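Visitor: Handing you a structure now.
The values are calculated or read from the model by the stated rules, or taken from the named source; none is laboratory data. For clarity, every value in this text was computed on a predicted model and none was experimentally measured. All Cβ positions, even for glycine, are placed from backbone atoms using ideal geometry, and neighbour counts span all protein chains on display. Remember, those area values only see protein heavy atoms, side chains included, never the ligands or the DNA or RNA. Shrake-Rupley method; radii C 1.70, N 1.55, O 1.52, S 1.80 Å.
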Amino acid sequence: REGAGLHYVMFNRGDSRTPHEVRTYPMGSPRLSELMGPLIEGLAASEELRDKLNDVRLLTTSTGDALVTVTYNRPIGGGAWEAAARELAEALGVCVVGRSRKVKVVIGCETVEERLSVPGRGECVYLQTEGAFTQPNAQVCSA
């Protein structure tokens, strides 16, 4: 965050103090790339969603499912945050999970479905849960 503006940033390995702004992420899934602009615009447009926003994490699948986790350095929950998050989720066609200290608010779902064609097994369907490690490059598992 810089003033009222929001930015996606990444850090170099070994240097967690120097953020590097990321405007696009072409090596990510098509769905992730499609969501980056509208998501940051939606967050920035809502004072309730951008206030003390700490980070945003996107989880997408090859089937087009998307889950956005937003963490805050303030308490969330209650009507205003949930209403704003629900509006954003519906506008983008995603699930949203909000987190703050000892609070987790789920709007829609907290899992996404991945379908892969695995050699020797056929189609494999599994759920990826928010907050758990997932293989970000599903294609390494496909035939």
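Visitor: Of all residues in the stretch 79-93, count the ones that are open to solvent by 40 Å² or more (accessible area, probe 1.4 Å) and among the aliphatic types (A, V, I, L, M).
Guide: Matching residues across the stretch 79-93 total 3.
Conditions (1) assigned to a helix (DSSP H, G or I); (2) within 17 Å of the chain's Cα centre (by Cα), marked per residue:
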| site | (1), (2) |
| --- | --- |
| H7 | no, yes |
| P38 | yes, yes |
| E48 | yes, no |
| V70 | no, yes |
| A89 | yes, yes |
| K104 | no, yes |
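Visitor: Tell me which of these C109 doesn't satisfy, since it passes every other one: (1) under 17 Å from Q128 (Cα atoms); (2) in a loop (DSSP other than H, G, I, E, B); (3) open to solvent by 60 Å² or more (accessible area, probe 1.4 Å); (4) not aromatic (F, W, Y).
Guide: (3)
Visitor: Six or more apart or on different chains, Cβ under 6 Å: which pairs go from a residue in the stretch 50-79 that's over 13 Å from L127 (Cα atoms) to one that's of a type in the set (G, A, S) and open to solvent by less than 60 Å² (accessible area, probe 1.4 Å)? Could you list them?
Guide: Taking only residues 6 or more apart or on different chains, the pairs are R50/A44; V70/G98; Y72/S100; P75/S100; I76/G98; I76/S100.
Visitor: Same structure again: Please determine whether any residue of the stretch 94-104 is in contact with a strand residue (DSSP E or B) (Cβ under 7 Å, 6 or more places away or on another chain), open to solvent by 40 Å² or more (accessible area, probe 1.4 Å) and not charged (D, E, K, R).
Guide: Taking every residue of the stretch 94-104 in turn, none turns out to be in contact with a strand residue (DSSP E or B) (Cβ under 7 Å, 6 or more places away or on another chain), open to solvent by 40 Å² or more (accessible area, probe 1.4 Å) and not charged (D, E, K, R).
Here is a yes/no grid of residues against (1) under 22 Å from G98 (Cβ atoms); (2) open to solvent by 60 Å² or more (accessible area, probe 1.4 Å); (3) in contact with a strand residue (DSSP E or B) (Cβ under 6 Å, 6 or more places away or on another chain):
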residue: H20; (1), (2), (3): no, yes, yes
residue: R31; (1), (2), (3): yes, no, yes
residue: P38; (1), (2), (3): yes, no, no
residue: E41; (1), (2), (3): yes, yes, no
residue: E47; (1), (2), (3): yes, yes, no
residue: N54; (1), (2), (3): yes, yes, yes
residue: R57; (1), (2), (3): yes, yes, yes
residue: T61; (1), (2), (3): yes, no, yes
residue: G77; (1), (2), (3): yes, no, yes
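Visitor: Looking at T24, is it of a type in the set (V, I, T), open to solvent by 90 Å² or more (accessible area, probe 1.4 Å) and under 16 Å from the mean Cα position of the chain (by Cα)?
Guide: For T24, the condition - of a type in the set (V, I, T), open to solvent by 90 Å² or more (accessible area, probe 1.4 Å) and under 16 Å from the mean Cα position of the chain (by Cα) - is met.
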